[in-house]
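Here the structure comes first, spelled out in structure tokens, and everything after it is commentary.
Read-outs throughout are calculated quantities, based only on the coordinates presented, and are distinct from any laboratory measurement. Fair warning: this is a prediction, and the values are worked out from it, not measured in the lab. Cβ atoms come from the backbone with ideal geometry, glycine included; neighbour counts cover every protein chain shown.
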Amino acid sequence: MNTIFRKSMLSVAGLAFAGGVFAGPIAAHANPVDAKPVAAVQTVSKPQGDQSHVGLNDEQTANAKAIIAATKKAGLPERAAVISIATSLQESKLENLGHLGDMNDHDSLGLFQQRPSSGWGTPEQITDPAYSTTAFLKGLKQVDGWQDMPLTDAAQTVQVSAYPDAYAQWEQQATDLVGQYWNS
């Protein structure tokens, strides 16, 4: 038994040596500054799927700016504004919608199509861009890991839409709007 153990240990040592001989030169040229721990790699890299785009009028642009301002006031990063604007693009095309009569989805109102009957606020509050954005962001902050998840998953967790994948199509336009107006 002693011989088997000794041979096993020599085999392991030989493999370790061989691995060091072959990997050593490669590792010696690696740049440790470029190395990133797995946990630090962000899972969000580019928009998912086909992207949509709508031309914005002055009111829609003002609503995008209001979402950005409310996000900054809440102390949240640009990613939160991107998620918020993409959500609003899907829900209302950045239009602050009032009651749409027979075309209305239940009692949904405003930029995010929030419902008074679901506790989002009064109709007056929900149709206030700053209030509705703050309400959306409050929901977003309750989503564990929202910063690193795909936009459509973060938005869907807050909105609970019948079309959960629809938010992704607006990520590029939302990213562009935040890039354009975040520092202005």
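Structural remarks
- Some residue of the range 75-89 being surrounded by fewer than 20 Cβ atoms within 10 Å (Cβ to Cβ) and touching a Phe, Trp or Tyr at 6+ places or on another chain (Cβ under 7 Å): yes
- Residues satisfying the stated conditions in the range 135-154, i.e. over 15 Å from residue 78 (Cα atoms) and either buried (at least 22 other Cβ atoms within 10 Å of the Cβ) or touching a Ser or Thr at 6+ places or on another chain (Cβ under 6 Å) (or both): 143, 152
- The helices (runs of 4 or more DSSP H) falling completely within the range 65-184 that include 2 or more residues that are aromatic (Phe, Trp, Tyr) map to 129-141.
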